[in-house]
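These notes are about the structure you will find just below.
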Amino acid sequence: MKNLTLHVEQIKDKNLFQDFEENAEAFPTLADMVQNHECEFLEPLKISIKAFRVRELFEVQGALQTRIRLTCSRCLKDFDTALKSEFELTYTKELASITETSTEEEIELRVEDIGLLYFRGEEINLRDGIQEQVVLAFPLRFLCAEACKGLCTHCGANLNQGDCGCKVEPSTNKFAALKDLKLNN
């Protein structure tokens, strides 16, 4: 995991450009997703970053890409898709006042503090920030195609392969009676 670490000294005076390639198992949340059969990573994560300093902040701009296998939420067929994301992460040294206070005390954060990632020492570990960006890049709905018809609710046949012949019954939607309701202003 040393691979996803930046040394502050390298960034102090100039921009740092770096490429990484990591397996999903190197990220705890992604490893859990694979273990729980939520997805399968077909290739390692390819990550390119540009890191630079702005006063006391360290900006990391980057892009990541990989290929994953998901299960369609409508027809349950496995499909492969690209996973890509561009991201910006802002790191700053951890404030002594935050680390020394008790966990029960309230900590007041300024607007500038929200969204910052903290680090200690002279190394910035990118693992958690990049892992978060990978998870955020996942589609909201896992669909093999936008027009996927899904499975028949009666026989379970995949409707993408053709009509199953089951009789389609009218909706039992309780609000169906309101479809013809007309309101006067």
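The values are calculated or read from the model by the stated rules, or taken from the named source; none is laboratory data. Please read all numbers here as calculations on a predicted model, not as lab measurements. Virtual Cβ from ideal backbone geometry, glycine too; neighbours counted across all protein chains shown.
Within region 4-36, the only residue that satisfies the criterion of being in a loop (DSSP other than H, G, I, E, B) and under 14 Å from GLY62 (Cα atoms) is ASN15.
Listed conditions (1) modelled with pLDDT of 90 or more; (2) farther than 27 Å from ALA51 by Cβ; (3) surrounded by 10 or more Cβ atoms within 10 Å (Cβ to Cβ) are all met by GLU132, apart from (2). Of all residues in region 11-49, those being without any contact (Cβ under 8 Å) to a residue 40 or more places away in the chain, surrounded by 15 or more Cβ atoms within 10 Å (Cβ to Cβ) and over 23 Å from ASP80 (Cβ atoms) number 2.
Yes/no per residue for (1) in contact (Cβ under 8 Å) with a residue 24 or more places away in the chain; (2) among the acidic types (Asp, Glu); (3) out of contact with any Gly (no Cβ under 8 Å at 6 or more places or on another chain):
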site: GLY115; (1), (2), (3): yes, no, yes
site: ARG127; (1), (2), (3): yes, no, yes
site: GLU146; (1), (2), (3): no, yes, yes
site: ASP163; (1), (2), (3): no, yes, yes
site: THR172; (1), (2), (3): no, no, yes
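Mind checking which residues of region 137-154 are surrounded by 14 or more Cβ atoms within 10 Å (Cβ to Cβ) and among the basic types (Lys, Arg)? Correct list: LYS149 only.
When LEU136, LEU183, LEU178 are screened for being of a type outside the set (D, E, K, R), more than 25 Å from ILE47 (Cα to Cα) and part of a helix (DSSP H, G or I), only LEU178 passes.
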